[in-house]
Amino acid sequence: MKIEKVLTCKGISGYYNKDLLAIKAGASPDGFVFRDPPVTPGFNAITQPGEALSVILILSDKQIVFGDCIDVVFAGMAGRDPIFKAAEHQELVENEVAAFLRGKSIIQFKELAESIDTMKVSGKRLHAAVRYGVTQALLDGAAKANHVTMAEVIESEYGCRIATQPIPLLACTPNDQKANIDKMVLKKVPFLPHGSSSHVERDIGSQGEKLLDYIQWLIQRINSLRDSNYHPTIHLDVYGTLGEAFALNIAKIAEFIGKMEDACSPFPLMVETPIIANSREKQITLYKELLAAIKKRSIRAKVIVDEWCNTLEDIQLFSDEKAADILQVKTPDLGGINNSIEAILICKKKGMGAYIGGTVNGTDQSARISAHIALATQADFLMAKPGQGVDEGLMIEHNEMQRTLTLIKSMKL
């Protein structure tokens, strides 16, 4: 089975790009938008609609497969590629990438995906979003060519074993959209609510008092709605604000995480991105110091790293250094999805926790493919995406995993 034709079309993502540096610098919100100018290069506004570029492959038996090129919400910072604009990459995909792919066998995924992931045009590597979308299409194509699920292609080529149950989901909602918490509890989401604490004064408070107030409300709300058999893990992404609020004082940050843990009782706590340093090396150093300080205080909360852990090389380094309890494998940042697969397997080999993140700025297709990667690699949990409406992301990924497991089971009977 070969690739006969490559097509593209511009689309929209499930959310928006946001200039995190401008938000942290004190931009004033006006509803969903900000009136201040952007700071990060490439942004036209602090909040702007995310873009997608669908890459469609027509196979030699006329089957059609596709993947979506997208980037993360907070693009262009902490070592990430610049914000993705579909029009800037469409011609390159239709010409150079298409010329490379036409006539190639699509029976095997890994080798062809690695070729795309390392491909250079005019001496430059393809944007991570392009590598992400094209390799999605290649995995979809390998599955169609072999008449199996995408999870089975991964299992076969990477020597892993598909989970027998759906991977637990992490639902996401901004802190100010409190009605979404009710949706998460009603649907018994295992990990919640991710949150969106990106500004110290607005979301955290100078001593963390605003975040503690939010946690207190969150726990009270969960307890008022939950069944006795529902015991979620509280996951809070603070986008480096603890480092800002406590001036990178590791002891104070650790003590505050202890207060967060107490406020979350009786539920376990995970804190993502307590610190964003100004380099990868500094990020590793600070996270190792923070983990030591947390352990010294017998705090059980888990620390997750995201920023500066963007590539397969980064994942390897953070895993080697044990510079977090859990690594987010942020799929668009890693470029080719072959890297996301390898990243989870590296974390497991090193005894690190790992979850398939990605971005609420993804699409339905990128979310479905994330579900297959999570199943095949047995990730610890999976971010529900795209969007931040809760129900849509939960539906897409949960149903994709259920369908996939049902199909696999049926073929073995």
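The values are calculated or read from the model by the stated rules, or taken from the named source; none is laboratory data. Quick caveat, the model's predicted, so the values are computed rather than measured. Neighbour counts run over all protein chains shown; Cβ positions are idealised from the backbone, glycine included.
Looking across Leu192, Leu211, one residue alone is buried (at least 23 other Cβ atoms within 10 Å of the Cβ), in the same structural domain as Val390 (by TED's automatic domain parsing), of a type in the set (A, V, I, L, M) and part of a helix (DSSP H, G or I). It is Leu211.
I'm trying to understand the selection: among the residues of segment 229-270, which are free of Cβ contacts under 8 Å to residues at least 40 places away in the same chain and more than 22 Å from Phe381 (Cα to Cα)? Residues satisfying the conditions are Leu242, Phe246, Ala247, Leu248, Asn249, Lys252, Asp262. Checked against (1) out of contact with any Pro (no Cβ under 8 Å at 6 or more places or on another chain); (2) modelled with pLDDT under 95, Glu397 passes all but a single condition, namely (2).
Might you let me know whether segment 13-34 holds any residue that is in a strand (DSSP E or B) and closer than 17 Å to Arg131 by Cα? Yes: segment 13-34 contains one or more residues that are in a strand (DSSP E or B) and closer than 17 Å to Arg131 by Cα. The residues listed here are Ala25, Ala87; of these, the one that is closer than 30 Å to Glu307 by Cβ, in contact (Cβ under 8 Å) with a residue 60 or more places away in the chain, surrounded by fewer than 17 Cβ atoms within 10 Å (Cβ to Cβ) and of a type outside the set (D, E, K, R) is Ala87. Reported count of residues in segment 151-198, each being aliphatic (A, V, I, L, M), within 16 Å of the chain's Cα centre (by Cα) and farther than 20 Å from Tyr16 by Cα, is 3. Restricting Ala179, Ala171 to residues that are closer than 19 Å to Ala384 by Cβ, touching a helix residue (DSSP H, G or I) at 6+ places or on another chain (Cβ under 6 Å) and among the aliphatic types (A, V, I, L, M) narrows the list to Ala171.
If you check Gly79 against the conditions, is it surrounded by 15 or more Cβ atoms within 10 Å (Cβ to Cβ), part of a loop (DSSP other than H, G, I, E, B), in contact with a Gly (Cβ under 7 Å, 6 or more places away or on another chain) and on the phi > 0 side of the Ramachandran plot? No, not satisfied. The conditions are (1) closer than 22 Å to Ile369 by Cα; (2) surrounded by fewer than 23 Cβ atoms within 10 Å (Cβ to Cβ), and Ala128 fails exactly one of them. Which is it? Every condition holds for Ala128 apart from (2). The sole residue among Arg221, Arg202 that is assigned to a helix (DSSP H, G or I), surrounded by 14 or more Cβ atoms within 10 Å (Cβ to Cβ) and at pLDDT below 95 is Arg202.
Among the residues of segment 371-392, just one is of a type in the set (S, T, N, Q) and crowded, with 24+ Cβ neighbours inside 10 Å, namely Thr377.
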